[in-house]
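No lab work stands behind these numbers, since they all come straight from the coordinates. Please read these numbers as outputs of a predicted model, since none were measured by experiment. Positions of Cβ are backbone-derived with ideal geometry, glycine not excepted, and every protein chain shown enters the neighbour counts.
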């Protein structure tokens, strides 16, 4: 019997990224729920809407990479709380877009301060050059996601 090959989880980049993202998301959710009454998914939506106004749920899913049901639930939560508002596009009645309200913008601005401090702490051991390299590498990885996800391994016997 041969040894089964195993992943080296200390070097397998997808696992390293996933574990890091999960831990950061959990910590952010705990902090944001405690101080602002929102979870990390709602924060991601607020952050995106602060950058890109009047966008659809489909666009949010494309940018953030979450499934439509999670985005829809979070949008409903934010709308009920008065942080976002939605409207039917005047040019295309099938298109429903969402935007931040004044209250949503104010919440975004408060959470942003905490998010930036969390990022500062995460990167505090890196030089400016290392941060620039990391951002470049992550951007390059982001462009490969479609290529990675289109891989369909052959059926095994």
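Annotations for the structure displayed:
- Compared with the dominant Cα axis of the chain, that is its longest principal axis, helix 40-51 is turned about 70°.
- Given the choices [x] 39, 38, 30; [y] 58, 32, 31; [z] 63, 43, 29, Cα extents along the principal axes in Å derived from the coordinates of this structure is entry [z].
- Looking at the range 71-127, the pairs of alpha carbons with a distance over 13 Å make up 69% of the total.
- Quarter of the Cα convex hull surface for the range 97-157, i.e. its orientation-mean projected area (nm²): 8.5 nm²
- Folded to 0 to 90 degrees: helix 68-80 orientation relative to the chain principal axis, Cα: 30 degrees
- Distance between the range 23-85 and the range 96-157 - C-alpha centres, whole angstrom: 14 Å
- Largest mean-square fluctuation among 114, 41, 88, in a Gaussian network model of the chain whose springs join Cα atoms under 10 Å apart, belongs to 88.
- Whole-number Å³ per residue for the convex hull built on Cα positions in the range 27-108: 89 Å³
- Sorted fewest first by neighbouring Cβ atoms within 10 angstrom, 35, 83, 108 come out as 35, 108, 83.
- Helix axis angle, 102-122 relative to the chain longest principal axis, alpha carbon, degrees: 30 degrees
- With the helix formula -39500 (n - 2.57) applied to DSSP H stretches of n ≥ 4, the chain reaches a computed 222 nm mean residue ellipticity of -21500 deg cm²/dmol.
- Using a cutoff of 8 angstrom between alpha carbon atoms and counting only pairs six or more residues apart, the relative contact order for the chain works out to 17 percent.
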